[in-house]
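Below you'll find the structure, written out as structure tokens, and then a few comments.
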Amino acid sequence: MEVAILGAGVAGLASAIALKQVGIAVRVFERRESVNNLGAGVVCWPNATFVLSELGILDELMAVSGRITAMRRFTRNDVELGILDVGQLDDEMGCPSLAVLREDLMRVLLRRAEEGEIPIAFNAHATSIERTGDCCQVMFDDGNSISPALIIGADGRMDSKARQFITNDNRPVYQGFVNWIGIHRWEQPEFDRLEVHDYWGVGARFGVVPVSAHTAYWAGGLAVSDVSLAQDHPSIDQLKQAFDDWPDPVGEIVRSASDSSTKCVQLFDHNPVPNWHRDNVLMIGDAAHAALPTSGQGAAQALEDAWFLAREISASAGDLETAMAEFTRKRCNKTTRVIMGGRAFASSLFESDVKACALRDQKAVETDYTAMASGMASAWSDGLPIGGQH
């Protein structure tokens with residue numbers, strides 16, 4: 001059986017590696033000329049590092065990442081709101097939490113794909129998926145087409161041809177805020193402990209995630225209710241104006257930010273749908289269940305897709321319909337909770353009412369962070385043989 005995967009992001013490459021591990025021939029088609037510069041960084045929470053271990057690349061990733069020990073919440077005036085012990089989360093789930101630059105994660109995945117001799121075609125822009133007779137074809141902009149036994153759409157949240165074919169609607173949903181993202185490097189050590197610092201304001205939020213003593217990736221978010229304004233590519237000056245007087249390291253980071261080192265992203269997700277496949281086409285990753293970065297689970301759920309998909313196809317004895325149905329059944333509820341949780345948290349973070357933000361901050365102070373860590377461990381372990389789930 002030959003499988004074609006559209007998209008060489010985390011979901012696409014991880015799925016290709018996992019499928020190759022169970023003896024399935026895979027080809028990957030990526031519309032971009034490279035995937036090394038997608039995003040700034042990501043935290044691979046324990047459910048993600050479990051899958052990376054299963055793929056045989058956790059040790060390699062650990063060499064280029066940092067182990068997160070805590071998450072600290074602050075007001076924009078540097079008043080601490082609470083501390084989540086990430087060590088407790090890791091202990092309860094049985095795997096580490098690692099912060100890594102996105103380019104390093106992609107480099108590790110690409111290297112493993114190359115070691116597995118998985119063909120990857122770049123600049124392969126799929127224009128549509130069409131049913132022709134008894135099979136489905138992927139049409140490309142150069143006039144070529146392919147008709148594999150299984151088409152996996154890992155082609156993202158913004159213009160997924162797989163989601164269009166399966167649901168007849170691949171329009172993402174704008175969620176009312178934009179993020180500037182980037183990477184900041186210090187000449188001298190800045191972090192003696194690798195702790196995420198999350199600063200909350202009114203209609204604004206800034207997160208700093210260290211990956212080493214000298215390097216952190218960051219995201220500065222602002223509420224922008226009108227999608228047309230968000231798509232006008234807000235300038236770097238708006239970032240600086242919004243965050244310049246926030247406490248260091250935020251102020252230091254934004255003052256040194258430039259157009260060349262910073263990317264502004266409009267934040268979209270997808271409404272959950274119960275069906276992820278049609279004929280021999282299946283969508284995974286952001287194409288199936290795009291969540292906001294406030295969920296903290298985008299990369300983790302993409303990696304979980306890879307692990308579950310390989311297991312279901314391997315167990316199906318060639319019955320693709322059963323494999324796709326079982327895969328969707330096992331993944332749909334969890335990813336729906338992730339999507340809706342990310343939306344709810346974003347709504348709170350980018351609240352523009354001063355009194356509502358004060359109540360939000362007071363609630364953060366009163367939070368039982370030990371119980372919160374246990375709740376996260378239970379939710380993120382769901383369906384996986386880790387933590388208390390095995």
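Okay, here's what the table says:
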{"quantity": "Heavy atoms of Ser314: accessible area, 1.4 Å probe, square angstrom to 10", "calculated": "70"}
{"quantity": "Helix-only mean residue ellipticity at 222 nm for the chain, each DSSP H run of n ≥ 4 adding -39500 (n - 2.57), per residue, nearest 500", "calculated": "-12000 deg cm²/dmol"}
{"quantity": "Which of Val211, Val79 is most accessible, then next, and so on - probe 1.4 Å", "calculated": "Val79, Val211"}
{"quantity": "Relative contact order of the chain, pairs being alpha-carbon contacts under 8 Å that are 6 or more residues apart, as %", "calculated": "22"}
{"quantity": "Label point distance in nm, Met372-Asp59, each placed 7 Å from Cα along Cα→Cβ", "calculated": "3.6"}
{"quantity": "Per-residue ³J(HN,Hα) for the range 134-147, Karplus 6.51 cos²θ - 1.76 cosθ + 1.60, θ = phi - 60°, Hz, x for Gly and Pro", "calculated": "9, 9, 10, 10, 9, 9, 10, 6, 8, x, 7, 8, 9, 9"}
{"quantity": "Per residue accessible area of the chain, 1.4 Å probe, in Å²", "calculated": "42"}
{"quantity": "Relative contact order (%) - criterion: Cα under 8 Å, at least six apart; region: the range 39-137", "calculated": "34"}
{"quantity": "Heavy-atom accessible surface of the chain: percent carbon and sulfur, 1.4 Å", "calculated": "48"}
{"quantity": "When each of Lys20/Lys330; Lys334/Lys363; Lys20/Lys263; Lys263/Lys330; Lys20/Lys161; Lys330/Lys355 is checked by Cα-Cα distance, pairs over 31 Å", "calculated": "Lys20/Lys263; Lys263/Lys330; Lys330/Lys355"}
{"quantity": "Gain upon complete extension [Asn77, Asp141; 0.36 nm per residue less C-alpha separation]", "calculated": "17.9 nm"}
{"quantity": "Antiparallel bridges, percent of DSSP beta bridges restricted to the chain (to nearest 5)", "calculated": "70"}
{"quantity": "Glu33-Asn275 pseudo-label distance in nm [points 7 Å out on the Cα-to-Cβ vector]", "calculated": "4.0"}
{"quantity": "Protein-only accessible surface order, largest first, of Glu103, Glu321 at 1.4 Å", "calculated": "Glu321, Glu103"}
{"quantity": "Rounded to the nearest 10 Å², the accessible area of Trp45 at probe 1.4 Å", "calculated": "20"}
{"quantity": "Debye, to nearest 20: dipole size of the chain, +1 on Lys, Arg Cβ, -1 on Asp, Glu Cβ", "calculated": "520"}
{"quantity": "The range 206-332 - charge dipole about Cα centre, Lys and Arg +1 at Cβ, Asp and Glu -1, debye rounded to 20", "calculated": "260"}
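The values are calculated or read from the model by the stated rules, or taken from the named source; none is laboratory data. In this text, all values refer to a predicted model and were calculated from it rather than measured experimentally. Every residue, glycine as well, gets a Cβ built from its backbone with ideal geometry; the counts of neighbours run over all protein chains shown. Ligands, DNA and RNA are stripped out before the accessible areas are found, and what is left, the full protein with its side chains, is counted by its heavy atoms. Shrake-Rupley method; radii C 1.70, N 1.55, O 1.52, S 1.80 Å.
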